[in-house]
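Asker: Here you go, one structure.
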């Protein structure tokens with residue numbers, strides 16, 4: 001059966017945001033067009049990697065002779081979005097993300113696929129699994145123009161960086177209620 005595709009070709013809004021306090025935050029990728037909102041759960045590291053890769057793609061496109069995709073060097077002021085997430089109803093937890101470029105529309109394409117759990121029979125060897133037939137039940141596909149992509153990446157990196165401060169000695173996150181430092185032997 002074909003997967004349910006939550007497609008947003010020209011969304012009104014696409015952001016990564018969080019719910020909860022630093023140290024216990026849940027990250028979400030959220031897309032909205034009109035009243036239609038889709039939210040998928042992400043890990044902090046997935047959020048950071050996605051934003052960093054978008055920046056790389058945009059910088060590479062911008063460096064092409066004449067900047068044919070009109071990629072802005074910085075986030076256009078009118079595209080800055082510091083608002084909180086819309087109400088969140090998680091569609092799925094993201095297992096895999098993919099990032100692409102559609103030159104026909106000058107859009108960055110983000111695809112999020114859910115974590116897929118595979119049941120293995122007791123008498124089945126894991127090496128015998130044929131994963132080519134494994135298809136997700138649903139997926140999120142968001143297509144955003146270059147200016148919005150630049151704004152998305154900037155906001156995402158700010159959200160990721162807004163967590164707990166790191167200990168200058170051991171590099172581990174420090175909680176508001178205290179921190180037991182366990183510096184590495186190299187320090």
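The values are calculated or read from the model by the stated rules, or taken from the named source; none is laboratory data. Model, not experiment: these values are computed from the prediction. No Cβ is skipped: glycine too gets one built from the backbone with ideal geometry, and neighbour counts run over all protein chains shown.
Asker: Would you tally the residues in segment 69-82 being free of Cβ contacts under 8 Å to residues at least 40 places away in the same chain and either part of a loop (DSSP other than H, G, I, E, B) or under 14 Å from residue 12 (Cβ atoms) (or both)?
Answerer: Going through segment 69-82 one residue at a time, the tally reaches 2.
Asker: Looking only at segment 72-83, filter to residues that are within 19 Å of the chain's Cα centre (by Cα) and surrounded by 10 or more Cβ atoms within 10 Å (Cβ to Cβ); which one of those is farthest from residue 32 (Cα to Cα)?
Answerer: Looking at the filtered set, the residue picked out is 75.
Asker: Tell me whether segment 178-187 contains one or more residues that are in a strand (DSSP E or B) and at pLDDT 80 or above.
Answerer: Taking every residue of segment 178-187 in turn, none turns out to be in a strand (DSSP E or B) and at pLDDT 80 or above.
Asker: Which residue pairs have Cβ atoms under 7 Å apart, sit 6 or more places apart or on different chains, and have a first residue in segment 5-33 that is surrounded by fewer than 17 Cβ atoms within 10 Å (Cβ to Cβ) and a second that is at pLDDT below 95 and in a strand (DSSP E or B)?
Answerer: 23/173; 23/175
Asker: Farther than 14 Å from residue 9 by Cα, at pLDDT 95 or above and assigned to a strand (DSSP E or B): does that describe residue 140?
Answerer: Here the answer is no, as residue 140 does not meet what is asked.
Asker: Is it true that some residue in segment 126-137 is buried (at least 16 other Cβ atoms within 10 Å of the Cβ) and at pLDDT below 95?
Answerer: Looking through segment 126-137, at least one residue is buried (at least 16 other Cβ atoms within 10 Å of the Cβ) and at pLDDT below 95.
Asker: Residue 45 is checked against (1) surrounded by fewer than 16 Cβ atoms within 10 Å (Cβ to Cβ); (2) closer than 13 Å to residue 16 by Cα; (3) in contact with a strand residue (DSSP E or B) (Cβ under 9 Å, 6 or more places away or on another chain) and fails just one. What number does that condition carry?
Answerer: (3)
Asker: Does residue 100 fit the bill of being exposed (fewer than 13 other Cβ atoms within 10 Å of the Cβ) and modelled with pLDDT of 95 or more?
Answerer: Spelling it out, residue 100 is indeed exposed (fewer than 13 other Cβ atoms within 10 Å of the Cβ) and modelled with pLDDT of 95 or more.
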